[in-house]
1. Per residue, how much accessible area does segment 33-170 show when a 1.4 Å probe rolls over the protein heavy atoms, in square angstrom?
2. Would you tally the net charge around residue 118, using a Cβ to Cβ cut-off of less than 11 Å, leaving residue 118 out, and scoring K and R as +1, D and E as -1?
3. Work out the P(r) tail for segment 60-128: percent of alpha carbon pairs separated by more than 15 Å, whole number.
4. Quote the relative contact order of segment 1-126 in percent (integer), defining contacts as alpha-carbon pairs under 8 Å separated by 6+ residues.
5. Sort 101-108, 152-159, 41-48, 3-10 by packing, meaning the average of other beta carbons within 10 Å per residue, with the highest value first.
6. Using helices alone, I'd like the mean residue ellipticity at 222 nm for the chain: each DSSP H run of four-plus residues gives -39500 (n - 2.57), total over residue count, nearest 500.
7. Report in % the part of the accessible area of segment 34-136 that belongs to carbon and sulfur, leaving out ligands and nucleic acids; probe 1.4 Å.
8. Calculate, in nm to one decimal, what residue 144 and residue 9 gain on full extension: separation in residues at 0.36 nm each, minus their alpha carbon distance.
Amino acid sequence: RITDGTILYEDYTLEDPFQYEFERFNLKSTQINSKSERVEASISSILNKTGELTAKLVINPQDYSDMSLFCKIEGPAISTFSPYSRHYVAHAFTRGNVSFISDNTLTDNVLKSNNRFVVKKIEVSKKIDKPDAYNVPLRLAVALLRDLNGNIDLEIPVEGNLNDPEYKLG
């Protein structure tokens with residue numbers, strides 16, 4: 001068990017330093033033992049003062065193809081990740097709050113994953129002069145994905161057999 005901890009992640013590999021703080025970090029787990037039928041772990045944290053994280057993992061230590069993972073991220077400012085967006089796609093996020101819910105099960109190597117990604121009131125800066133960035137029309141993509149209220153709301157289901165992966169990008 002970890003109770004009321006703080007984790008500070010820092011990345012100085014980009015032009016602009018990136019810092020992300022996990023406050024009031026709590027991790028609780030059942031006994032981790034290879035003889036257990038199930039190991040359960042739950043996590044909660046405040047994300048960079050603007051959001052919340054809750055997650056629960058249930059895994060069979062005898063069979064790693066038998067597990068479930070639920071994760072909910074609610075409310076962090078997307079602008080926090082601008083050092084990465086500036087570096088890789090030459091745009092900064094200037095406004096928006098993220099919500100992400102992911103509910104996953106893996107049974108006999110068959111994955112079922114339901115994901116919902118929402119960014120409320122998203123705005124992106126004009127392109128920054130950065131010749132080594134990927135040439136991604138991010139402002140156009142955001143404009144196409146945004147609804148009339150300025151939000152992006154995507155349902156992203158993923159399912160299939162991990163022994164025989166097939167995927168469609170769409």
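The values are calculated or read from the model by the stated rules, or taken from the named source; none is laboratory data. A quick note: this is a predicted structure, and the numbers were derived from the prediction, not measured. Every residue, glycine among them, receives a Cβ derived from its backbone with ideal geometry; neighbour counts consider all protein chains shown. Areas reflect the complete protein model, heavy atoms only, side chains present, ligands, DNA and RNA absent. Shrake-Rupley method; radii C 1.70, N 1.55, O 1.52, S 1.80 Å.
1. Values: 8990 Å² over 138 residues.
For segment 33-170, the solvent-accessible area averages 65 Å² per residue.
2. It works out to a net charge of -1.
3. Numbers: 1483 of 2346 pairs.
Value for segment 60-128: 63 percent of Cα pairs lie more than 15 Å apart.
4. Relative CO of segment 1-126 lands at 17 percent.
5. Per-residue mean Cβ counts within 10 Å order the peptides as 41-48, 101-108, 152-159, 3-10.
6. -2500 deg cm²/dmol, from helical runs alone.
7. 55 percent
8. Details: separation 135, 0.36 × 135 = 48.60 nm, distance 3.26 nm.
Length difference between fully extended and current span is 45.3 nm.
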